[in-house]
Amino acid sequence: MEAAGVEYSRYGIPIDGDMKTNVDTIYAIGDVTEGSIQLAHAASAQGIYVVEKLMGKTPEINLDVIPACTFTLPEVAQVGYTEDKLKEENIPYVKSKFMFTGNGKAVSLGEAEGFVKILAKEDLSEIYGIHIIGPHANDLIHEGTVAVANKLPVSAIANMIHAHPTLSEAFMEAIHQLEGCSIHSAPAK
């Protein structure tokens with residue numbers, strides 16, 4: 001590192017938005033970078049970005065929207081804002097939570113523990129964050145990732161037909177709760 005002239009500290013290698021170090025011809029990605037998101041899929045996306053950039057393409061990358069998955073039983077996944085972060089930034093929001101006990105597929109699998117929680121803008125014009133604990137959460141999070149990455153309104157998901165019986169219906173029901181029209185949830189008290 002010293003011989004190449006690349007700056008680094010105990011926190012990692014500083015990079016710019018193109019993953020370039022202080023040396024114009026040296027790039028860094030993944031866990032070695034300062035302030036990195038230490039997930040393999042984040043590093044892969046950074047690597048693809050750098051290669052496309054070097055090929056003369058104009059790649060895009062949004063490192064603010066990266067799904068995080070925990071491979072436990074039950075599985076845990078999240079993308080976007082957390083409630084704590086929304087509160088810290090004084091961003092008003094609404095939330096819903098749909099329990100997997102109301103999802104026929106989860107019940108038939110014997111994996112009805114957990115929920116899908118959705119955080120959205122008060123007027124429902126944007127989905128801020130998704131949190132899933134339950135069966136196949138690490139697969140289900142991608143519907144939420146599409147919503148958060150594209151700043152979709154709640155209606156974009158609410159108007160979409162979900163196959164039945166599937167675990168993804170839990171995501172649909174959490175969306176419908178935000179609009180007050182979930183048919184498989186207990187009424188709010």
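The values are calculated or read from the model by the stated rules, or taken from the named source; none is laboratory data. Bear in mind that the values here come from a model prediction, so they are computed numbers and not experimental data. Using ideal geometry, Cβ is built from the backbone for each residue, glycine included, and neighbour counts are taken over all protein chains shown. Heads up: the accessible areas ignore ligands, DNA and RNA and are worked out on the full protein's heavy atoms, side chains in. Shrake-Rupley method; radii C 1.70, N 1.55, O 1.52, S 1.80 Å.
Could you tell me which residue out of LEU63, GLY35, VAL76 lies farthest along the dipole of region 29-130 toward its positive end? Charges go on the beta carbon: Lys and Arg +1, Asp and Glu -1, centred on the Cα centre.
Working it through, the farthest residue towards the positive pole turns out to be VAL76.
Just to confirm, what accessible area per residue do you get for region 79-189 at 1.4 Å probe, in whole Å²?
Spelled out: the 1.4 Å probe surface of region 79-189, per residue, equals 52 Å².
Tell me the net charge near HIS162. Cut-off is 13 Å between Cβ atoms, HIS162 excluded, with +1 for each Lys or Arg and -1 for each Asp or Glu.
So the surrounding residues net to -2.
Taking the alpha-carbon centroid of each part, what is the distance from region 64-104 to region 116-189 in angstrom?
Between the Cα centre of region 64-104 and that of region 116-189, the gap is 10 Å.
Can you give the FRET efficiency for GLU89 and VAL23, using 1/(1 + (r/R0)^6), R0 = 41 Å, r = Cβ-Cβ distance, to the nearest 0.05?
My answer for the efficiency is 0.70.
Express in nm, to one decimal, how much length is gained between ASP139 and ALA163 on full extension, taking 0.36 nm for each residue of separation and deducting their alpha carbon distance.
7.1 nm
Tell me what the chain gives for mean residue ellipticity at 222 nm when only DSSP H runs of n ≥ 4 count, each as -39,500 (n - 2.57), the sum divided by the residue total, rounded to 500 deg cm²/dmol.
For the chain, the value works out to -8500 deg cm²/dmol.
Please go through region 41-93 and write out the trypsin sites (Lys or Arg not before Pro) that DSSP classes as loop and that have at most 16 other C-beta atoms within 10 Å.
For trypsin sites (Lys or Arg not before Pro) across region 41-93 that sit outside H, G, I, E and B with at most 16 neighbouring Cβ atoms in 10 Å, the list reads LYS57.
Rounding to the nearest 20 debye, state how big the charge dipole of region 52-133 is about its Cα centre with +1 on each Lys and Arg Cβ and -1 on each Asp and Glu Cβ.
Charge dipole, region 52-133, about its Cα centre: 160 debye, nearest 20.
Ignoring the sites themselves, what is the longest stretch of the chain with no chymotrypsin sites (Phe, Trp or Tyr not before Pro) in a DSSP loop and at most 15 other beta-carbon atoms within 10 Å?
With chymotrypsin sites (Phe, Trp or Tyr not before Pro) excluded where exposed in loops, the chain gives 72-189 as its longest stretch.
List the GluC sites (Glu not before Pro) within region 42-124 that DSSP assigns to loop and that have no more than 15 neighbouring Cβ atoms inside 10 Å.
The qualifying sites are GLU60, GLU89, GLU113, GLU122.
How many percent of the accessible area of region 1-101 is carbon or sulfur, using a 1.4 Å probe?
54 percent
State, to one decimal in nm, how far the label point of ASP64 lies from the label point of GLU7, with both points 7 Å from Cα in the Cβ direction.
2.4 nm
Give me the base-10 log of I(q)/I(0) for the chain at each q in 0.08, 0.17 Å⁻¹, Debye formula, one uniform scatterer per Cα, rounded to two decimals.
One equal scatterer on each Cα of the chain leads to -0.34, -1.06.
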